[in-house]
Amino acid sequence: MHVRCIIAILWLGLLGLIAPIRADHIVGGHIEIQTVNNKAGNIKVVLKLYFDALNAQNSTPNEFEKVVIFRKRDNAFVRGLLCYKTKQVPFEYSNEYCSTLNRLKVLEITYEASFEEDPSAFSDAMGYYATHDRCCRNDNITNIKNSRLAGILYRTDFPAMMRNGKPFINSSPSFNVLSGEYICLKDPFKFNFNGVDIDGDSLSYQFMTPMQGASNANYTDMTSQGVFTPVSWQSGYNENNAIPGNPPLTIDPVRGTLSVKANQIGLYVYAVVISEYRNKRKIRTNW
């Protein structure tokens, strides 16, 4: 049996593929912002990165990673956080032939940091956002230009911790440990990564153009840059045609289910933005 596999580590973040500065062994990730003990201002930041343990120049994940918080109104730096590694677990693959053939061993690495702040320090009505920004992607990515020079950016927006003079309690969606999946050529494929919201807020899902951040091989200080640019697509690709096929990669806006019947082998990057609503009002965006 000959199975041709399109490598696509599926997650709401960017498929990118690290050396000490470069990030070519990071194949996905996201940031969660959690309110602890139902107390506004008592915050845990969780960064999850998906690490290619076989193809990394340095096979040991970093012991800590940096997350930076900015204010949305003016993209001003608010604070930097060192998130320390708390857990790592391996992906399991439903298609063992593909994972063996391509020698892929991916780990889910969890980094965490906590802080407690007077909610009034995060009271700007336009809200805030947390980012993790690093260089660079794998140079074999099929669907974006100059991928080796494009940084990887993960971002989660969060609302003001005060609303109408009262503390506002909110946590971002959380996700179970993901399984590793391959999309195989001309085979119908579906994958569900819908989040769970502990506040009972409703979620919607859509594609967006991945962002490349501010980092490059010579620039690693993330504290002074809160304005980020999108990657440039190769000709014929866009946020709604990130993996070509019949049909191309699509997402259910309510359930968060990805579907594709791919017709071209490649290594693809895509991004999903998750919007969070309470009483029909958008309060958060995760991407």
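The values are calculated or read from the model by the stated rules, or taken from the named source; none is laboratory data. What you are looking at is a predicted structure, and each value in this text was computed from that prediction instead of being measured. Virtual Cβ from ideal backbone geometry, glycine too; neighbours counted across all protein chains shown. When the accessible area is computed, the model is the full protein with side chains, heavy atoms only, and any ligands, DNA or RNA have been set aside. Shrake-Rupley method; radii C 1.70, N 1.55, O 1.52, S 1.80 Å.
If I go through segment 139-150 residue by residue, how many of them are part of a loop (DSSP other than H, G, I, E, B) and buried (at least 22 other Cβ atoms within 10 Å of the Cβ)? It would help to see each step written out before you state the result.
Taking segment 139-150 first, the residues part of a loop (DSSP other than H, G, I, E, B) are 139-143, 145-146, 150.
Among the residues that remain, those that are also buried (at least 22 other Cβ atoms within 10 Å of the Cβ) are: 141, 143, 150.
Looking only at that region, the number is 3.
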It is to be established whether one or more residues within segment 233-256 are under 17 Å from the mean Cα position of the chain (by Cα) and of a type in the set (Phe, Trp, Tyr). no
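Can you spot a residue in segment 60-78 that is modelled with pLDDT under 65 and open to solvent by less than 50 Å² (accessible area, probe 1.4 Å)? Please lay out each step first, then the result.
Within segment 60-78, the subset modelled with pLDDT under 65 is none.
Within segment 60-78, none of the residues are modelled with pLDDT under 65 and open to solvent by less than 50 Å² (accessible area, probe 1.4 Å).
Among Leu203, Leu178, Leu153, which is the only one that is at pLDDT below 90, in a strand (DSSP E or B) and hydrophobic (A, V, I, L, M, F, W, C)? Break it down stepwise before answering.
Working: Leu203 fails: at pLDDT below 90; Leu178 fails: in a strand (DSSP E or B).
Result of the check over Leu203, Leu178, Leu153: Leu153.
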Pairs under 6 Å by beta carbon, first residue assigned to a loop (DSSP other than H, G, I, E, B) in segment 185-200, partner open to solvent by less than 60 Å² (accessible area, probe 1.4 Å) and at pLDDT below 85, six or more apart or different chains? Gly195/Phe175
Restricting segment 226-280 to residues that are closer than 17 Å to Phe191 by Cα, of a type in the set (S, T, N, Q) and assigned to a strand (DSSP E or B), which is modelled with the lowest pLDDT? Thr257
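Condition test on Asp221, is it open to solvent by 40 Å² or more (accessible area, probe 1.4 Å), modelled with pLDDT of 90 or more and of a type outside the set (Lys, Arg)?
On the way: open to solvent by 40 Å² or more (accessible area, probe 1.4 Å): yes; modelled with pLDDT of 90 or more: no; of a type outside the set (Lys, Arg): yes.
When the stated conditions are applied, Asp221 does not pass them.
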